[in-house]
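Worksheet for the structure shown next.
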Amino acid sequence: MTTENYVTLSRTGDKMPLVGFGCWKVSPQDAENTIYNAIKAGYRLIDGAADYGNEVEVGRGINKAIKEGVITREEIFVVTKLWNTYHNKTQVRPAFEKQLKDLDLDYVDLYLIHFPVPLKHVNINEIYPPGWYQPNKTEVEFEPSPMYECWHEMEKLAEDKLAHNIGISNFNVQMILDLLTYAQIKPAVLQVELHPYLQQSRLIAWVQSQGIHITAYSSFGPASFIELTNDGKTTPPLLENEVIKEIADKHKKTTGQVLLRWSIERNIAVIPKSTNQERIKSNLDIFSWSLDDEDMKKIASLDKRLRFNDPYSYNFNLPLFD
Ligand code: NAD
């Protein structure tokens, strides 16, 4: 049973909290207060990204909490991500610097490559954040920016202590295997979609065996994809799944807590997002109790290998995970 609420990252010895607050779909109008309140409620990791379009406001929330003495800078673990249009070796640092300025911080604790997808560059002054398409187009356009060059730039950010730790997101084993052949600094973390409908046990075991920590996103499965994808709409909600409900009743917890605890049992960090005060609190309460082997076996049987955050479902022809 995991009772620690953090993992230690091997290169730096930094402690990464096992539960954090996710910033995707937090509107810029709400972000400052939402993040400030999340920190007040006890969150010590904030998971953001350039692509979420709210970094200025997320930064304000973090800085407000620091200024008011709720936390010190050292007590909050700030994660953000490099967007796909900045993989070119000449663009990684300017993109990072823009994010650091937006966040109004001197460093981030963890900087991730959001997707292993090098998209044609879009000037920061033209449109920001640019999303998947070129301005005024509805097709993705790639550019020949090799990952080893992008990673080397990430390493320089780590060497300069601007990003204390560096990592990856949405990478598969083939991509990681290649990256490990040239990385001077190994990725500290892999962030991937993970929930009982997409358990990826083999990926998890192998990545963990490489000393790379895992963070799970979209722990509630279809819940955040209802308005985005067909599978999100049609898949029965995990939060109401009978097996999850039965386990939640047994432990006198909510189904949301069971879904988060399931990752914690595998030493995987979670980053739930909610704007509901009660859920914000209950999503943190996942360390004073545990799931037993029987619960884990029952949840193992729910795997559907069903991925919701697949660029292929967003109607552009990129079967990234095939
Ligand atoms: P989530 O799984 O945290 O939440 C989904 C929905 O569930 C939200 O709309 C929320 O309102 C609701 N919810 C939250 N707590 C609940 C509870 N206890 N009971 C019932 N409903 C609850 O969704 P997510 O936003 O997909 O993922 C979390 C975070 O992961 C994001 O905010 C982002 O930081 C990160 N993320 C990263 C990537 C990536 O490509 N690296 C992709 C998606 C998300």
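Can you tell me which residue among L110, L179 is closer than 29 Å to A216 by Cβ, at pLDDT 95 or above and either assigned to a loop (DSSP other than H, G, I, E, B) or touching a His at 6+ places or on another chain (Cβ under 9 Å) (or both)?
Criteria check complete, one pass: L110.
Among N37, N54, which is crowded, with 21+ Cβ neighbours inside 10 Å and within 26 Å of I226 (Cβ to Cβ)?
On inspection, the qualifying residue turns out to be N54.
For the range 13-62, which residues satisfy the criterion of being charged (D, E, K, R) and touching a Leu at 6+ places or on another chain (Cβ under 6 Å)?
Listed by number, the list holds a single entry, E55.
Look at S224 and say whether it is within 12 Å of the ligand (Cβ to nearest atom), assigned to a loop (DSSP other than H, G, I, E, B) and surrounded by 16 or more Cβ atoms within 10 Å (Cβ to Cβ).
no
So, in the range 67-85, exactly how many residues are closer than 30 Å to F142 by Cα and either at pLDDT below 95 or within 18 Å of the chain's Cα centre (by Cα) (or both)?
Summing the residues that are closer than 30 Å to F142 by Cα and either at pLDDT below 95 or within 18 Å of the chain's Cα centre (by Cα) (or both) in the range 67-85 gives 7.
State whether one or more residues within the range 73-96 are in contact (Cβ under 8 Å) with a residue 40 or more places away in the chain, over 23 Å from I176 (Cα atoms), of a type outside the set (D, E) and surrounded by fewer than 19 Cβ atoms within 10 Å (Cβ to Cβ).
Scanning the range 73-96 turns up no residue that is in contact (Cβ under 8 Å) with a residue 40 or more places away in the chain, over 23 Å from I176 (Cα atoms), of a type outside the set (D, E) and surrounded by fewer than 19 Cβ atoms within 10 Å (Cβ to Cβ).
Scan the range 19-48 for residues that are touching a strand residue (DSSP E or B) at 6+ places or on another chain (Cβ under 8 Å), away from the ligand (no atom under 14 Å from the Cβ) and not in a loop (DSSP other than H, G, I, E, B) and jot them down.
I39
Could you count how many residues in the range 240-285 are over 21 Å from E193 (Cβ atoms), within 18 Å of the chain's Cα centre (by Cα) and in a helix (DSSP H, G or I)?
Of the residues in the range 240-285, 1 are over 21 Å from E193 (Cβ atoms), within 18 Å of the chain's Cα centre (by Cα) and in a helix (DSSP H, G or I).
Six or more apart or on different chains, Cβ atoms under 6 Å: show the pairs whose first residue is in the range 1-30 and within 22 Å of N283 (Cβ to Cβ) and whose second is open to solvent by 80 Å² or more (accessible area, probe 1.4 Å) and in a strand (DSSP E or B).
Y6/K15
The values are calculated or read from the model by the stated rules, or taken from the named source; none is laboratory data. None of the values given here were measured: they were computed from a predicted structure. Neighbour counts are summed over all protein chains in view; Cβ atoms, including those assigned to glycine, are modelled from backbone coordinates with ideal geometry. Heavy atoms of the whole protein, side chains included, go into the accessibility calculation; ligands, DNA and RNA do not. Shrake-Rupley method; radii C 1.70, N 1.55, O 1.52, S 1.80 Å.
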